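Contents: one structure, followed by commentary.
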Amino acid sequence: MRKISLFFLCLFLCIQLPAKTSAAGKIPILIYHSIDEFTGHGVSALFVKPEDFEKQMIYLRDHGFTLLTFEQWGERNNVKKPIFITIDDGYKNNLNVLKIFQKLKSDTFQPRATIFAISDYIGYPDRLSSTDLKKLSDSGMFSIQSHTATHPDLRKITDYNHELKDSKDKIQAITGKSVIALSYPYGNYNDKVIEETKKYYNYAVATEPKYFMEQGTKNENYRLPRIYIKYDTTLDEFAKLVEGQAKVIFNFREIEPIYEN
């Protein structure tokens with residue numbers, strides 16, 4: 001009888017523990033660009049309609065997710081269902097996110113997102129201005145971080161000081177808050193890029209289509225993968241992505257040649 005009991009106990013542990021460990025290792029970092037209706041200009045995959053984005057945030061709220069920014073990185077293992085919302089390029093239409101967050105914010109749900117701004121593009125007609133960035137930062141719902149100064153492929157440049165340090169300094173001067181995270185343009189990096197990035201930042205995100213990097217990976221904080229949310233991502237697909245149930249994740253590199261032009 002004791003042997004049978006031990007057998008079933010071992011069987012239970014074998015079935016239960018891997019699922020728990022797997023779930024614990026899947027901390028989604030989502031990537032967005034434009035939160036706006038696609039009107040035919042640009043690449044549709046880089047857009048998410050505001051109404052779809054709102055539904056996605058409602059899903060996160062209703063299913064107990066905790067939205068974090070990189071300032072709260074150390075809390076990720078101490079909160080329920082941590083998730084990071086990141087938005088690249090600093091488009092003017094990101095103000096739509098502020099409206100949605102203000103609508104959804106409550107005593108029980110604190111929406112947060114990280115905007116990675118291209119510092120030399122701040123104030124362009126289709127980009128957030130310094131005033132916009134300050135407003136977003138002061139709302140307490142947005143962390144403004146760096147997407148470099150001019151959005152180059154960092155593997156192909158020599159002036160890292162301007163792209164990494166100057167962009168950091170400019171954004172810090174606008175928001176009055178520390179810039180600690182970088183988004184690699186096009187998701188491209190190598191060992192040299194990582195070493196240069198480490199001089200100025202504590203974290204860096206790429207675009208590898210997978211879940212959170214396994215602990216113990218060399219320079220794990222500088223090669224953080226992200227999950228791409230695109231224009232035609234359905235709510236059901238979104239749910240599977242954030243719950244760690246999706247097997248196929250959209251690869252940003254599929255549109256990189258188009259986006260780069």
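Overview of results
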{"read-out": "Test set (1) part of a strand (DSSP E or B); (2) modelled with pLDDT under 95 - residue 21 fails condition number", "value": "(1)"}
{"read-out": "Lone unmet requirement of (1) under 17 Å from the mean Cα position of the chain (by Cα); (2) surrounded by fewer than 21 Cβ atoms within 10 Å (Cβ to Cβ); (3) modelled with pLDDT under 95 for residue 241", "value": "(2)"}
{"read-out": "Cβ pairs under 8 Å, 6+ apart, first in segment 236-256 and among the hydrophobic types (A, V, I, L, M, F, W, C), second at pLDDT below 85 and assigned to a loop (DSSP other than H, G, I, E, B)", "value": "241/249; 249/209; 249/210; 250/209; 252/209"}
{"read-out": "Qualifying position, being surrounded by 15 or more Cβ atoms within 10 Å (Cβ to Cβ) and not in a strand (DSSP E or B), among 84, 53, 116", "value": "53"}
{"read-out": "Any hit, segment 203-218, residues being modelled with pLDDT of 95 or more and not hydrophobic (A, V, I, L, M, F, W, C)", "value": "yes"}
{"read-out": "Test for residue 27: is it touching a strand residue (DSSP E or B) at 6+ places or on another chain (Cβ under 8 Å) and at pLDDT below 90", "value": "yes"}
{"read-out": "Qualifying residue in segment 52-65 (condition: within 19 Å of residue 187 (Cα to Cα) and of a type outside the set (D, E, K, R))", "value": "no"}
{"read-out": "Neighbours by Cβ (under 9 Å, 6+ apart or cross-chain): first from segment 30-44, in contact (Cβ under 8 Å) with a residue 12 or more places away in the chain; second hydrophobic (A, V, I, L, M, F, W, C) and part of a loop (DSSP other than H, G, I, E, B)", "value": "30/229; 31/229; 32/229; 33/43; 43/255; 44/38"}
{"read-out": "Unmet requirement for residue 217, which otherwise passes all of (1) surrounded by 14 or more Cβ atoms within 10 Å (Cβ to Cβ); (2) free of Cβ contacts under 8 Å to residues at least 24 places away in the same chain; (3) of a type outside the set (A, V, I, L, M); (4) over 28 Å from residue 136 (Cα atoms)", "value": "(1)"}
{"read-out": "Positions within segment 39-56 being touching a His at 6+ places or on another chain (Cβ under 8 Å) and of a type in the set (Lys, Arg), in sequence order", "value": "none"}
{"read-out": "Cross-chain or 6+ apart pairs with Cβ under 8 Å, segment 79-94 first and on the phi < 0 side of the Ramachandran plot and hydroxyl-bearing (Ser, Thr, Tyr), then buried (at least 24 other Cβ atoms within 10 Å of the Cβ) and modelled with pLDDT under 95", "value": "86/226"}
{"read-out": "Yes/no for residue 86 being more than 30 Å from residue 120 (Cα to Cα), under 14 Å from the mean Cα position of the chain (by Cα), modelled with pLDDT of 95 or more and not acidic (Asp, Glu)", "value": "no"}
{"read-out": "Those residues of segment 61-74 which are surrounded by fewer than 20 Cβ atoms within 10 Å (Cβ to Cβ) and either of a type in the set (Ser, Thr, Tyr) or over 19 Å from residue 226 (Cβ atoms) (or both), in sequence order", "value": "61, 62, 63, 64, 66, 74"}
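The values are calculated or read from the model by the stated rules, or taken from the named source; none is laboratory data. From a predicted model like this one, the values you see are computed outputs, not experimental measurements. As a convention, Cβ positions derive from the backbone with ideal geometry for all residues, glycine included, and neighbour counts pool all protein chains shown.
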